[in-house]
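Each remark here refers to the structure printed beneath this line.
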Amino acid sequence: MREPPRIQGGVTVTRMMLGAELRRLREEAGVTPQQAAAHIRASHAKISRIELGRVGFKSNDVADLLTLYGVTDERDQAAYLALVDRANARGWWSQDNDIIANWFEMYLRLEQEASVIRSYEVQFIHGLLQTEDYARAIIRTRFSAEPDYEVDRRVHLRLNRQKILAQPGGPTLWAITDEAALMRAAGPRSVMRSQIEHLLEMSERSNVVVQLLPFRAGGHAAGGGPFTILRFAVSELPDIVYLEQLNSAVYIDKRSEVEEYLWIMERLTVQAETPVQTRVRLRSILKDV
């Protein structure tokens, strides 16, 4: 019998673990990605996305792949297909799917189940630390042609994301913010004042670390731009680097490439103001806003 592994975690962890299990079964069976793709009348790229847990699973596809890999016992297949049902569960944001790009939905899933979120931001305050008014100003700039009610939906989606920081067992957020983000006004002065006050308040939480990278730090390791590193409590899952672009995103999980970003993040942590110094600096900036 070939029973699936016991998977502890939510939808995204289930997807990623099930995808990894399908890859292991394929490799043990000596089946190439091209052969697997042909078997379910799909592309090689789809097999890659399935095995990375980047897409939902179709029960028929998984059943066909299991048969190809030699998992033919009905009870074993039923156990795997039960995991498919778990992996396909809809997220809380499903009612807003029409305003969420496919490439960003994957990030939402990862963010929801990360145990540690480390980020470097250049132009904006991290989305999990934004006030409602600041978020609305930023979103309105990006989606200037949309009616107010659509902007409101995007704002509320962002605010709903922030609930994970207050949930029991929620992630630790370590946010390094370039000083440029605080110097770039988002709407009236009152918006920036409230945003800085909110940063000070959030920085007092036990699971939130805020560091400011000041202009005086000069050149730094993250010259390539903003990035986020997500780590998961499940040791079998790799760290994932998220790079957001204007109309797409890149997800990196190759160990050697992730290591480079981890090194950059460590360098930024040293170059940035300490959390205590950051709070002092934020209070100073607040006086001038």
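The values are calculated or read from the model by the stated rules, or taken from the named source; none is laboratory data. None of the values given here were measured: they were computed from a predicted structure. Cβ coordinates were reconstructed from backbone atoms using ideal geometry, including for glycine residues, and neighbour counts include every protein chain displayed. To get the accessible areas, we keep the full protein, side chains included, count just its heavy atoms, and leave off ligands, DNA and RNA. Shrake-Rupley method; radii C 1.70, N 1.55, O 1.52, S 1.80 Å.
Looking only at the stretch 53-75, residues that are within 22 Å of the chain's Cα centre (by Cα) and touching a residue at least 60 places away in the same chain (Cβ under 8 Å) come to 1 in all. Taking each residue of the stretch 76-100 that is farther than 18 Å from L65 by Cα and looking for partners that are open to solvent by 20 Å² or more (accessible area, probe 1.4 Å) and modelled with pLDDT under 90 with beta-carbon atoms closer than 6 Å, six or more apart or interchain, yields A89/V11.
Return yes or no: is T67 among the β-branched types (V, I, T) and open to solvent by 50 Å² or more (accessible area, probe 1.4 Å)? Considered against the rule, which asks whether it is among the β-branched types (V, I, T) and open to solvent by 50 Å² or more (accessible area, probe 1.4 Å), T67 comes out as yes. Scanning the stretch 78-94 for residues that are open to solvent by 30 Å² or more (accessible area, probe 1.4 Å), part of a helix (DSSP H, G or I) and in contact with a helix residue (DSSP H, G or I) (Cβ under 9 Å, 6 or more places away or on another chain) turns up L81, D85, R86, W92.
Checking the structure you have, find out if any residue of the stretch 168-176 is of a type in the set (V, I, T) and in contact with a strand residue (DSSP E or B) (Cβ under 7 Å, 6 or more places away or on another chain). Checked against the condition, which is being of a type in the set (V, I, T) and in contact with a strand residue (DSSP E or B) (Cβ under 7 Å, 6 or more places away or on another chain), the stretch 168-176 yields at least one hit.
Where helices (runs of 4 or more DSSP H) fall entirely within the stretch 95-170, those with at least 2 residues that are open to solvent by less than 10 Å² (accessible area, probe 1.4 Å) and touching a Leu at 6+ places or on another chain (Cβ under 8 Å) are at 102-113. Residues R142, R154: which one is in contact with a Phe, Trp or Tyr (Cβ under 9 Å, 6 or more places away or on another chain) and among the basic types (K, R)? Going through R142, R154 in turn, just one is in contact with a Phe, Trp or Tyr (Cβ under 9 Å, 6 or more places away or on another chain) and among the basic types (K, R): R154.
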